[in-house]
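*Asks:* The structure is given below, and queries will be raised subsequently.
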Amino acid sequence: MKDLFTVLEHRATCRNFKTDPIPMEVLERLLAAAASAPSSGGFQNTCAIVVTDPEKKAALAHLSRDQAFVAKAPVDVIFCVDHRRTARIAAMDKAPKEPQIDFSQLLWGFTDAVISAQTFCLAAEAAGLRSCYNGNVIQQADELCRLFDIPKYVVPVIMLSVGYSKEENLRLSKKYPWQLMTHWERYSDADDETLQTAYAAKCGSERFPITEKKLEKLRDTAVRYHGEEWAQACAEQVRQQGELSSFQYWLGCFYSDKAGDMDAAAYLKFFEKQGFAVK
Ligand SMILES: Cc1cc2nc3c(=O)[nH]c(=O)nc-3n(C[C@H](O)[C@H](O)[C@H](O)COP(=O)(O)O)c2cc1C
């Protein structure tokens, strides 16, 4: 086992897993670590759904914008908000618990589920495993509930694909310096030059050659978000650069594609169905 700071310094997302299974005693230890995480009020209103069945993993891969590694990883774990356990115990205990749970409890539940997932992630790294988070589960939460019999009072939040990496040394992604991400005593904006320098250091080496498809997607997003004039200025900047910048690609082309995702109204309807008060 590695010490925590060594784990933190070497942690990197893995998207290329060996098919080797994770020994059950190792998996159980990671799940125990996840269950030991701090939780709001100490209620542990979270759960983990462990998925090893190849057909179910394939369905998860499909739901996650066809990311094939999700099916190849030996295990996918879906971390959820889970008030069902507490509600059932409260009912037996004749302890009052609101039938439609406060929205703030949903937010706390999300926090708890993420803390639990990250505890699992770091424990996995310490045990020589690697993982990849997957945010698509929240965008496809209703479909996931159908696939995994997820009942009322339970909401999927985040998934980890986990396994042994095919690559020995994973490339560490560049990060902003911690100083840029820290404010002392009060929030204070860094100046533009500091931001530009940090952005260039983190993302400047990424290359996104211009293609018709990317230009079209970027333009479509720019018009939707900021209007025609702004979109023309954006296109002009891309032309001058001779390529798309990192943010132009990721924000303008990749993450702007919401096809198949729930919109805000659908989320509220879904949360209400799962037993959370949204009004
Ligand atoms: C909430 C969340 C959702 C993510 N979803 C995906 C995903 O769907 N596919 C993927 O390949 N990586 C996903 N990632 C991994 C990020 O891309 C990765 O953490 C980021 O690029 C930084 O790289 P690093 O983890 O190696 O430091 C996700 C990470 C988080 C925290």
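The values are calculated or read from the model by the stated rules, or taken from the named source; none is laboratory data. The structure displayed is predicted, hence computed values, not measured ones. Quick reminder, even Gly has a Cβ in these numbers, built from the backbone with ideal geometry, and neighbours come from all protein chains shown. These accessible areas exclude ligands, DNA and RNA; they are computed on the full protein's heavy atoms, side chains included. Shrake-Rupley method; radii C 1.70, N 1.55, O 1.52, S 1.80 Å.
*Asks:* Using the alpha-carbon centroid of each, what span in Å lies between the stretch 46-85 and the stretch 105-171?
*Replies:* 8 Å
*Asks:* Continuing with this model, one more query. With r as the distance between the Cβ atoms of H62 and D220 and R0 = 35 Å, compute the FRET efficiency 1/(1 + (r/R0)^6) and round to 0.05.
*Replies:* The value I calculate is 0.90.
*Asks:* Nearest 10 degrees is fine. How inclined is helix 228-241 to the longest principal axis of the chain, computing both from alpha carbons?
*Replies:* Helix 228-241 sits at roughly 70 degrees to that axis.
*Asks:* Right, here's the next one. Let me know the shape class of the stretch 154-239, please: from the alpha-carbon gyration tensor, a ≥ b ≥ c as square roots of the eigenvalues, rounded when a/c is under 1.5, otherwise prolate if a/b is greater than b/c, or oblate.
*Replies:* Note, shape of the stretch 154-239 comes out oblate.
*Asks:* In addition: Can you return the lysines within cross-link range of K166? Criterion is Cα-Cα under 18 Å, with same-chain partners fewer than 8 residues away left out.
*Replies:* Once the sequence-local lysines are set aside, what remains near K166 is K18, K72.
*Asks:* When the scattering of the stretch 1-87 is computed by the Debye formula from its Cα atoms alone, each counted once and equally, what is log10 I(q)/I(0) at q = 0.14, 0.16, 0.19, 0.21 Å⁻¹?
*Replies:* Taken in order of the listed q values, log10 I(q)/I(0) reads -0.66, -0.85, -1.09, -1.19.
*Asks:* Percent antiparallel among DSSP beta bridges with both residues in the chain, to the nearest 5?
*Replies:* The answer is about 90 percent antiparallel.
*Asks:* Right, another one. Ignoring ligands, DNA and RNA, what accessible area per residue does the chain give at 1.4 Å, in Å²?
*Replies:* Per residue, the chain has 61 Å² of solvent-accessible surface.
*Asks:* Further, regarding this structure: In nm, what is the difference between 0.36 nm times the number of residues separating K213 and H183 and their Cα-Cα distance?
*Replies:* Working it through step by step, the gained length comes to 6.8 nm.
*Asks:* What is the spin-label model distance, in nm, from K273 to L195 if the labels are put 7 Å beyond Cα along the C-beta direction?
*Replies:* Once both label points are built, they end up 3.9 nm from each other.
*Asks:* Express the carbon and sulfur contribution to the solvent-accessible surface of the stretch 82-236 as a percent, rounded to the nearest whole number, probe 1.4 angstrom.
*Replies:* Looking at the stretch 82-236 in its full context, I get 56 percent from C and S.
*Asks:* Distance in nm between label sites at T111 and E236, each 7 Å beyond Cα in the beta-carbon direction?
*Replies:* Placing both labels 7 Å beyond Cα along the Cβ direction yields 4.6 nm.
*Asks:* Per residue and in Å³, how big is the convex hull formed by the alpha-carbon atoms of the stretch 37-113?
*Replies:* Cα-based convex hull of the stretch 37-113, divided per residue, equals 125 Å³.
*Asks:* Quick check: residue separation of Q100 and R85 times 0.36 nm, minus the Cα distance between them. What number comes out in nm?
*Replies:* 3.9 nm
*Asks:* Same structure, new question: Which of the chymotrypsin sites (Phe, Trp or Tyr not before Pro) found in the stretch 64-167 are loop residues per DSSP with 15 or fewer other Cβ atoms within 10 Å of their Cβ?
*Replies:* Passing sites in the stretch 64-167 do not exist.
*Asks:* Pairs of Cα atoms under 8 Å, at least six residues apart: use those to get the relative contact order of the chain, whole percent.
*Replies:* 23 percent
*Asks:* Give the residue list of trypsin sites (Lys or Arg not before Pro) in the stretch 42-108 that are DSSP loop and have at most 10 other beta-carbon atoms within 10 angstrom.
*Replies:* Sites meeting the loop and neighbour criteria: K94.
*Asks:* So who's got an amide H within less than 5 Å of the one on T46, skipping anything under 5 residues away but keeping other chains? H placed 1.01 Å off N, in plane.
*Replies:* D82
*Asks:* Sequence gap at least 6, Cα distance under 8 Å: using those rules, report the relative contact order of the stretch 1-134 to the nearest whole percent.
*Replies:* Once normalised by length, the contact order is 40 percent.
*Asks:* Let me ask something else about it. Apply the Debye scattering formula to the stretch 94-192, with a single equal point scatterer on each alpha-carbon and no solvent, then give log10 I(q)/I(0) at q = 0.17, 0.20 Å⁻¹.
*Replies:* Rounded to two decimals, the profile gives -1.03, -1.13.
*Asks:* Can you tell me which of S131, S256, S116 moves the most in a GNM of the chain? Springs connect C-alpha atoms under 10 Å apart.
*Replies:* Greatest mean-square fluctuation among the candidates belongs to S256.
*Asks:* Could you calculate, for the chain, the ratio of the Cα radius of gyration to the Kirkwood radius, expressed as Rg to Rh?
*Replies:* 1.00
*Asks:* Under 13 Å Cα to Cα from K269, which aspartates and glutamates show up? Leave out anything in the same chain fewer than 8 places away.
*Replies:* Candidates past the 8-residue exclusion: D142.
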